[in-house]
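Reading through the structure tokens given below for one structure.
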Amino acid sequence: MQVAIIGAGPLGRWLAFAAARAGYTVLLEDVMPSNLHHAQEYLRQQLGPAALPMVEFASTIEGAVREADLAIDCVPDELESKLEIFCLLDRMAPPRTVFITPTTRLSIADLASCTYRADKCVALVAKMQELTEASIGVGAGEQSREILLRTPPHVTQETIALVQEFWERIGFTPRFESDRSQ
């Protein structure tokens, strides 16, 4: 499975690391060359030269999502940013591509309704610190490895299965709930 990660800031770098370590092919994109450079150095240190080929770097969203099965955006948790990225992803990614967006404030049902694939959108309801602490075992042991994912009302079982497989392979136990805003 190919995973595209849009945004090479701290969350994007960490997700690229976790996905590559789990054996996924990762395309990491950022419009800022300095962010990609920092991400490349971080991944080289974390993964070592042998595993680094699992991660490719892209300077355009289209280049990152062209063959993606899963696209995770790491843009700011603001309505305008999320709407813009969802429109771009929807236009540039293949129809099979599932979208995951980290958000603690926005409705995934509302964001998904702006795409032609509302049944293939999932919200990650976690903050960067929660993810990284859980991944290294800080907190309440195995319980801290649970991750909350919110779905729109008509999400497909294929979407759930793909997202569940991804989070389990990178070491989390996904828990799904439906978006209550509808």
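The values are calculated or read from the model by the stated rules, or taken from the named source; none is laboratory data. Fair warning: this is a prediction, and the values are worked out from it, not measured in the lab. Backbone-built Cβ (ideal geometry, glycine too); neighbour counts: all protein chains shown. In case anyone asks, the SASA skips ligands and DNA or RNA and just uses the protein heavy atoms, side chains included. Shrake-Rupley method; radii C 1.70, N 1.55, O 1.52, S 1.80 Å.
Between the residues Ser178, Ala161, Pro33, the greatest Cα displacement towards the positive end of the dipole of the chain, with unit charges on the Cβ of Lys, Arg, Asp and Glu, is found for Ala161. Model label points for Ala50 and Glu158, set 7 angstrom from Cα along the Cα-to-Cβ axis, are 3.7 nm apart. For the residues Cys114, Cys121, Cys74, a 1.4 Å probe over the protein chains yields an accessible-area ranking, largest first, of Cys114, Cys74, Cys121. Computed over protein heavy atoms with a 1.4 Å probe, the accessible surface of the chain works out to 48 Å² per residue.
For the chain, the dipole from Cβ point charges (+1 on Lys and Arg, -1 on Asp and Glu) about the Cα centre works out to 200 debye, to the nearest 20.
Under 5 Å between amide hydrogens, built in the peptide plane, is the criterion, and for Ala126 it picks out Thr103 among residues at least 5 positions away or on other chains. Ordered from largest to smallest accessible area (heavy atoms of protein chains, 1.4 Å probe), the residues Tyr24, Tyr116 come out as Tyr116, Tyr24. Counting only protein heavy atoms and using a 1.4 Å probe, the accessible area of Leu11 comes to about 30 Å². With the helix formula -39500 (n - 2.57) applied to DSSP H stretches of n ≥ 4, the chain reaches a computed 222 nm mean residue ellipticity of -12500 deg cm²/dmol. The value given for the chain is a Kirkwood hydrodynamic radius of 16.2 Å, derived from the mean inverse Cα-Cα separation.
Here the simple spin-label model places points 7 Å from the Cα toward Cβ, and for Glu168 and Leu148 these points are separated by 2.3 nm.
Computed from backbone phi with θ = phi - 60° and the Karplus coefficients 6.51, -1.76 and 1.60, the 3J(HN,Hα) list for segment 115-126 is 10, 8, 9, 4, 7, 10, 10, 9, 9, 8, 9, 7 Hz; x is used for glycine and proline. Extending 7 Å from Cα along the Cβ direction at Ser59 and again at Asp110 yields two label points whose distance is 3.6 nm. For Ile147, the residues whose modelled amide H falls within less than 5 Å of its own, excluding neighbours fewer than 5 places apart on the same chain, are Thr173, Arg175. Taking Arg13, Arg105, Arg21 as the candidate residues, the one with maximal mean-square fluctuation in a Gaussian network model of the chain, Cα springs under 10 Å, is Arg105. Across the accessible surface of the chain, with the other protein chains kept in place and a 1.4 Å probe, carbon and sulfur atoms take up 51 percent.
For the chain, relative contact order (Cα pairs under 8 Å, six or more residues apart, normalised by length) works out to 18 percent.
For the chain, give me the percentage of DSSP beta bridges that are antiparallel, rounded to the nearest 5 percent. Taking every DSSP beta bridge within the chain, about 5 percent pair in antiparallel fashion.
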